[in-house]
Amino acid sequence: MNFDVASTDLSRFEGDLLAIPVFEGKLDDVPFRDVDEALNKRLTKLAEIESFEGKGEQTLTYNPDGKLGAARIVLIGIGKPGDFSPPDARLIGVAAARAAKACKAKTVGVALPKVAKGRLDAVLEAIGCGVVLGFYSFDKYKKDAKPLSVESITVLGKEIGGPRKRGAKARLEWGTSIAAAVNRARDLVNGPANEVTPEYLAEVAKAIGKEGGIKVKVRNRAECEKLGMGLYLAVARGATHEPRFIHLQYEPPNGRAVRTVGLIGKGITFDSGGLSLKPAKSMEEMKCDMAGGAAVMSAMAVIAAAKPPVRVHAVCAATENMPSGDAYRPGDVIQGMSGRTVEVLNTDAEGRLTLADAIHYIVKEGVDEIIELSTLTGACIVALGKFTVGAMSQNDDLIKRVLGAATVAGEDLWRLPLVPRIGKELKSEVADCKNIGGAWGGAISAGHFLLPFAGDTPFVHLDIAGPAFSDGPWGVHPKGGTGVGVQTLVEYVTRTVPEKFGKK
Ligand code: BES
Ligand code: MN
Ligand code: ZN
């Protein structure tokens, strides 16, 4: 797929499909007006008949029958102008891609919506990102899968001609790089657990390392044992597929880092529940239990390309959670790298055990702050639904910055309170803590479990159990793996280089 920008008149654009974003109630404004006039107001009439007002998620296709350079038009509703932001621009790209897929277009033009000059670059990035997200499909295992027909995407706007063209194109392409990382995470999540094993994730990490010049260190069971990772290895004990503790490290080009960020992603390649076995229905989607790890690893590829002046450690303690004669048991008391002992009461609360060792490990690497993503609790889905990430932290400043990045990235994060009484329910009679708490507030309870392992290091826990895997298409996402978190992480880590990418 080739991406470009051009200042061509919309009515002169030659191609298979022209996508035109329309603000709600603004059918008398550009870019719609330019094309409508070239068509003797036919678009206005059609919009009236079809009740197209430009509301978000409304689309309308039209065949100009040779009266325009474009063979087809799709109008894309983008809602009220006052509410418009980069996440809405991403939806323009997604809608354009879906329309292009539906009509098998090869050459696609996307008109720029009318936005303030200062927002142009962010909108271009978001459109580029949206287009690549919108073309995503997972058909690796289908014999009759058809390759994408699309060849070129051109964003059209009078504002991006002449000297502005190069910068505009670069920003558009940057958006497509971010989306490629999201799609890579989606592929890993959608990949079945019989293929996407801990070993497979380690190979992907090595490939990402090669591409981006990132250091990658993979540790096997014996090496983790030496480091004392008894919590992570307790989970791995029942698994036949060997665990892999994956560590990627990005160094800024000149060796001078303004800070060191730690990223952690849960990497359970399949969560059967272990001896506390899940019922069949709940197990169906449990190949998605490494979505946090997939997000963190994929984000590293773009972070390396952006070259921010920040050192980044990314860790994924990958393993399956399986029952076996040698699996860890309810009642076992185990101890990890930090020395804290844990009484296991439910082997299905495994994610927090693997994360505890990963958190302690990354703290010892000397990170200034940690962002951790995990499909950690069904309780978080009960609390917030399938579209929202539950965010928890002991540090107001860090969580505010992460929430800010998420807003620009178009990902919905909501802070949950770390209610102290819920934390107390993790007290054990025989060990330093239990791995499950009381009956209520399970997402918060899990957050409390993780906190002591971070110590004083500012720590944000993102429970992505809801949005990591979708029941059907919504927003920029297809059914299945969404790649949630990638965009927030990339936005967070790279926004410290405004001189390169411009202010949002
Ligand atoms: N991987 C699950 C959480 C999950 C549930 C992710 C649904 C995605 C969709 C996690 O390991 C788990 O099993 N959590 C238990 C915790 C409980 C035993 C305290 C849960 O949520 O039931
Ligand atoms: Mn589990
Ligand atoms: Zn799990």
Loosely packed, with under 15 Cβ neighbours inside 10 Å, under 21 Å from ALA468 (Cβ atoms) and touching a helix residue (DSSP H, G or I) at 6+ places or on another chain (Cβ under 9 Å): which single residue out of PRO198, PRO192 fits that description? PRO192
Can you say whether ALA222 is over 17 Å from ILE362 (Cα atoms) and crowded, with 22+ Cβ neighbours inside 10 Å, as far as the supplied structure shows? no
Looking at region 138-164, which of its residues are outside any loop (DSSP other than H, G, I, E, B) and at pLDDT 95 or above? SER152, ILE153, THR154, VAL155, LEU156
Across region 41-63, which residue is farthest from ARG90 (Cα to Cα) among those that are hydrophobic (A, V, I, L, M, F, W, C), in contact with a Phe, Trp or Tyr (Cβ under 7 Å, 6 or more places away or on another chain) and without any contact (Cβ under 8 Å) to a residue 24 or more places away in the chain? LEU46
Please go through region 305-321 and pick out each residue that is buried (at least 24 other Cβ atoms within 10 Å of the Cβ) and either of a type in the set (A, V, I, L, M) or in contact with a Lys or Arg (Cβ under 6 Å, 6 or more places away or on another chain) (or both). VAL312, ALA314, VAL315, ALA317, ALA318
Only one of LEU345, LEU355, LEU398 is aliphatic (A, V, I, L, M) and part of a loop (DSSP other than H, G, I, E, B). Can you tell me which? LEU345
Answer with yes or no whether TYR250 is within 16 Å of ligand 3 (Cβ to nearest atom), crowded, with 20+ Cβ neighbours inside 10 Å and hydroxyl-bearing (Ser, Thr, Tyr). no
Residue by residue through region 335-357, note down the ones that are hydrophobic (A, V, I, L, M, F, W, C) and within 16 Å of ligand 2 (Cβ to nearest atom). VAL342, VAL344, LEU345, ALA349, LEU353, LEU355, ALA356
So which residues in region 253-269 are buried (at least 24 other Cβ atoms within 10 Å of the Cβ) and either part of a loop (DSSP other than H, G, I, E, B) or not assigned by TED's automatic domain parsing to the domain that holds PRO192 (or both)? LYS266
In region 103-153, the residues that are more than 15 Å from VAL5 (Cβ to Cβ), surrounded by 15 or more Cβ atoms within 10 Å (Cβ to Cβ) and free of Cβ contacts under 8 Å to residues at least 40 places away in the same chain: ARG119
Options ALA305, ALA295: the member that is within 16 Å of ligand 3 (Cβ to nearest atom), part of a helix (DSSP H, G or I) and within 30 Å of ALA179 (Cβ to Cβ): ALA295
Taking region 322-334 and keeping only residues that are of a type in the set (Ser, Thr, Tyr) and either more than 13 Å from ligand 2 (Cβ to nearest atom) or within 15 Å of SER428 (Cα to Cα) (or both), one is left with SER324
Counted residues, region 352-380 - those being surrounded by fewer than 19 Cβ atoms within 10 Å (Cβ to Cβ) and either over 21 Å from ARG244 (Cβ atoms) or touching a helix residue (DSSP H, G or I) at 6+ places or on another chain (Cβ under 9 Å) (or both): 3
Matching entry among SER298, SER272 (being assigned by TED's automatic domain parsing to the domain that holds LEU231, more than 16 Å from ligand 2 (Cβ to nearest atom) and buried (at least 24 other Cβ atoms within 10 Å of the Cβ)): SER298
Condition set of a type in the set (A, V, I, L, M, F, W, C) and in a helix (DSSP H, G or I), scope region 275-290, selection surrounded by the fewest Cβ atoms within 10 Å (Cβ to Cβ): answer is ALA280
Would you check which residues across region 392-406 are within 20 Å of PRO87 (Cα to Cα), surrounded by fewer than 21 Cβ atoms within 10 Å (Cβ to Cβ) and touching a residue at least 60 places away in the same chain (Cβ under 8 Å) and list them? ARG401
Of all residues in region 325-341 being touching a Phe, Trp or Tyr at 6+ places or on another chain (Cβ under 9 Å) and part of a loop (DSSP other than H, G, I, E, B), the one that is surrounded by the most Cβ atoms within 10 Å (Cβ to Cβ): GLY336
Given ARG237, ARG221, ARG259, which one is touching a residue at least 60 places away in the same chain (Cβ under 8 Å), of a type in the set (D, E, K, R) and over 22 Å from VAL486 (Cα atoms)? ARG237
So ILE264 passes all but one of these: (1) within 16 Å of ligand 2 (Cβ to nearest atom); (2) of a type in the set (Val, Ile, Thr); (3) closer than 28 Å to LYS427 by Cα. Which condition number does it fail? (1)
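For every residue, the table says whether it meets (1) at pLDDT 95 or above; (2) within 15 Å of ligand 1 (Cβ to nearest atom).
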| site | (1), (2) |
| --- | --- |
| PRO308 | no, no |
| ALA317 | yes, yes |
| GLY325 | yes, no |
| GLN335 | yes, no |
| THR341 | yes, no |
| THR347 | yes, yes |
| LEU355 | yes, yes |
| GLU365 | yes, no |
| SER374 | yes, yes |
Can you name every residue in region 44-57 that is modelled with pLDDT of 95 or more and of a type outside the set (Val, Ile, Thr)? LYS45, LEU46, ALA47, GLU48, GLU50, SER51, PHE52, GLU53, GLY54, LYS55
For region 480-497, indicate whether the set of residues that are without any contact (Cβ under 8 Å) to a residue 40 or more places away in the chain and either away from ligand 2 (no atom under 16 Å from the Cβ) or part of a helix (DSSP H, G or I) (or both) is non-empty. no
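The values are calculated or read from the model by the stated rules, or taken from the named source; none is laboratory data. Because the structure is a prediction, the values reported are computed rather than measured. So basically every Cβ, Gly included, is an ideal-geometry build from the backbone, and we count neighbours across all protein chains shown.
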